[in-house]
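**Q** What follows is a structure written as structure tokens; I'll ask about it next.
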Amino acid sequence: MKEITCIVIGGGYAGINAVKALQQAFANKANGKSLRLILINKEPHHFRKVLLFKPPAGEADSALPLTSLFPEGVQLLQGTVTANEGKVRSLIYMDTSGNQLTLSYDVLVVAAGSIIRQAAPEQGGIALNSLEVAASIRESMVK
Ligand SMILES: Cc1cc2nc3c(=O)[nH]c(=O)nc-3n(C[C@H](O)[C@H](O)[C@H](O)COP(=O)(O)OP(=O)(O)OC[C@H]3O[C@@H](n4cnc5c(N)ncnc54)[C@H](O)[C@@H]3O)c2cc1C
């Protein structure tokens, strides 16, 4: 095997830092073999969740194109991983056109984030977890 393929699932804070650390540690070579790095994310951007308070206040949103973070050295794929066949080291993902595709890997890093629990409506409160929610807060404030 002349090449090692490493796939990172998730372009959030954990995923992009995993990619950066892998790039720094291996400088595209792992055990003398070339390292093929693939980052797969649902969206084409890295979404800075900690800055989500900005859009409701009318400031610019918090999405950074992944291509600007990783102009080279990483293969960027937009898609949703739907299954992992761990025994044969193969991922299945759906691309933006709805095609189911397969990717083989040697090393897999899962950085797909977590599911945010929504407060029960009678308890009030809004889970500020997406640009859509941020926009709806802004809308309700400027009405
Ligand atoms: C408003 C707000 C303020 C915050 N403030 C702070 C703070 O001050 N300090 C702090 O430490 N933390 C803070 N946090 C928490 C912090 O933002 C999160 O802990 C962190 O962003 C989680 O990063 P992550 O990469 O694990 O997950 P995420 O940011 O959720 O990223 C996961 C990525 O994986 C992708 N993904 C998921 N499933 C799939 C799939 N099946 N296929 C392909 N891609 C997939 C998603 O599209 C996403 O891009 C805050 C959070 C919010 C919402």
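**Q** Test Pro121 against the criterion of being touching an Asp or Glu at 6+ places or on another chain (Cβ under 6 Å), more than 30 Å from Ser34 (Cβ to Cβ) and more than 9 Å from the ligand (Cβ to nearest atom), and give yes or no.
**A** No.
**Q** If Leu91 satisfies all but one of (1) surrounded by 17 or more Cβ atoms within 10 Å (Cβ to Cβ); (2) under 30 Å from Ala134 (Cα atoms), what's the number of the condition it fails?
**A** The failed condition is (2).
**Q** Quickly run through segment 47-67 and pick out the residues that are open to solvent by 50 Å² or more (accessible area, probe 1.4 Å) and under 24 Å from Thr5 (Cβ atoms).
**A** Of everything in segment 47-67, those that are open to solvent by 50 Å² or more (accessible area, probe 1.4 Å) and under 24 Å from Thr5 (Cβ atoms) turn out to be Pro65, Thr67.
**Q** Continuing with this model, one more query. Applying the selection to segment 8-46, what residues are part of a strand (DSSP E or B), near the ligand (Cβ under 10 Å from one of its atoms) and buried (at least 20 other Cβ atoms within 10 Å of the Cβ)?
**A** Answer for segment 8-46, where residues must be part of a strand (DSSP E or B), near the ligand (Cβ under 10 Å from one of its atoms) and buried (at least 20 other Cβ atoms within 10 Å of the Cβ): Val8, Ile9, Leu39, Ile40, Asn41, His46.
**Q** Checking Glu85 against (1) loosely packed, with under 13 Cβ neighbours inside 10 Å; (2) in contact with a strand residue (DSSP E or B) (Cβ under 8 Å, 6 or more places away or on another chain); (3) within 19 Å of Ile16 (Cα to Cα), only one condition comes out false. Which one?
**A** Status for Glu85: all satisfied but (3).
**Q** A further question on this structure: Does Leu77 count as out of contact with any helix residue (DSSP H, G or I) (no Cβ under 7 Å at 6 or more places or on another chain), within 18 Å of Gly15 (Cβ to Cβ) and either surrounded by 11 or more Cβ atoms within 10 Å (Cβ to Cβ) or not hydrophobic (A, V, I, L, M, F, W, C) (or both)?
**A** Criteria met by Leu77.
**Q** Checking Leu131 against (1) closer than 18 Å to Ile9 by Cβ; (2) of a type outside the set (Asp, Glu); (3) under 16 Å from the mean Cα position of the chain (by Cα); (4) more than 9 Å from the ligand (Cβ to nearest atom): exactly one of these is not met. Which one?
**A** (1)
**Q** Go over the candidates Ile137, Ile126 one by one and state the one that is over 17 Å from Gly10 (Cβ atoms) and either touching a residue at least 60 places away in the same chain (Cβ under 8 Å) or surrounded by 16 or more Cβ atoms within 10 Å (Cβ to Cβ) (or both).
**A** Answer to the check: Ile137.
The values are calculated or read from the model by the stated rules, or taken from the named source; none is laboratory data. All of these numbers come straight from a predicted model, not from anything done at the bench. We place every Cβ from the backbone using ideal geometry, glycine too, and count neighbours over all the protein chains shown. The accessibility values were calculated without ligands, DNA or RNA, using every heavy atom of the protein model including side chains. Shrake-Rupley method; radii C 1.70, N 1.55, O 1.52, S 1.80 Å.
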